[in-house]
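The values are calculated or read from the model by the stated rules, or taken from the named source; none is laboratory data. Please read all numbers here as calculations on a predicted model, not as lab measurements. With ideal geometry, Cβ positions are generated from the backbone for all residues, glycine too; neighbour counts draw on all protein chains shown. Heavy atoms of the whole protein, side chains included, go into the accessibility calculation; ligands, DNA and RNA do not. Shrake-Rupley method; radii C 1.70, N 1.55, O 1.52, S 1.80 Å.
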Amino acid sequence: MARGGQGLARVAVVVRAGAAPMWWLGVLAAGAGSLLPGLTGRRIGWYAGAVLFLAAAAVVAAARRKRYRALVKAAAKAGRNDVLQDRAVSARVWRRGHGWWLLLAFLAAAGSSFAMPAAGGMALAGAGVGLWLKAAWLGSQERAAGALLWVRVDWLRRGGAPAGRTVRGYRVTGVAAGDATPGGARRRRTPVPA
């Protein structure tokens with residue numbers, strides 16, 4: 001790293017890093033849970049799961065928006081020596097740091113099917129959808145500002161969240177920086193004409 005520079009990860013990429021694992025683990029837990037009759041029966045489990053899915057998606061998508069807005073408002077321009085972390089690296093680091101948590105969440109969701117089939121898995125899948133929605137909301141903030149939001153990598157250690165207590169501010173770059181679009185999706189490279 002160049003002298004005086006900081007490693008920076010895209011905020012939206014870190015937010016959406018858990019979306020796919022939560023979604024697929026939730027779908028797997030719900031599918032396996034649907035095979036069990038449970039204490040309440042499958043129909044009640046599915047109805048309860050649908051409510052939990054919507055509730056989890058809404059709560060996760062809306063959580064800490066005030067904190068995000070404050071960090072966005074106070075964001076400073078990234079320095080010339082700052083190093084922008086690749087999208088794949090940011091996602092991989094988050095998933096490694098949260099691997100045990102994801103495993104425990106899956107086991108809890110699958111285990112809850114003995115009482116209420118599929119409900120726990122649907123709640124976990126809803127949390128994944130909520131993270132996608134939050135990343136999309138951050139993308140709308142980035143598009144409105146015409147800038148991408150970044151957070152220092154060292155503030156994300158030990159499972160830190162991009163709006164957690166250890167994060168004291170964001171950095172911004174132009175929308176062409178890095179390899180992810182506003183919202184954290186992979187940037188598609190346009191072929192260069194021959």
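The table below lists the values:
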read-out: Test: residue in the stretch 184-194 that is farther than 30 Å from A48 by Cβ and crowded, with 17+ Cβ neighbours inside 10 Å; value: yes
read-out: Elements of type helices (runs of 4 or more DSSP H) in the stretch 1-116, at least 3 residues being within 23 Å of the chain's Cα centre (by Cα), under 17 Å from L133 (Cβ atoms) and of a type in the set (D, E, K, R); value: 65-73
read-out: Candidate set: the stretch 119-166, residues that are outside any strand (DSSP E or B) and among the aromatic types (F, W, Y); chosen: the one farthest from G33 (Cα to Cα); value: W155
read-out: Residue identified as open to solvent by 40 Å² or more (accessible area, probe 1.4 Å), touching a residue at least 60 places away in the same chain (Cβ under 8 Å) and either touching an Asp or Glu at 6+ places or on another chain (Cβ under 6 Å) or within 29 Å of V51 (Cβ to Cβ) (or both) among L133, L102, L124; value: L133
read-out: A176 under 16 Å from A78 (Cβ atoms) and open to solvent by 70 Å² or more (accessible area, probe 1.4 Å); value: yes
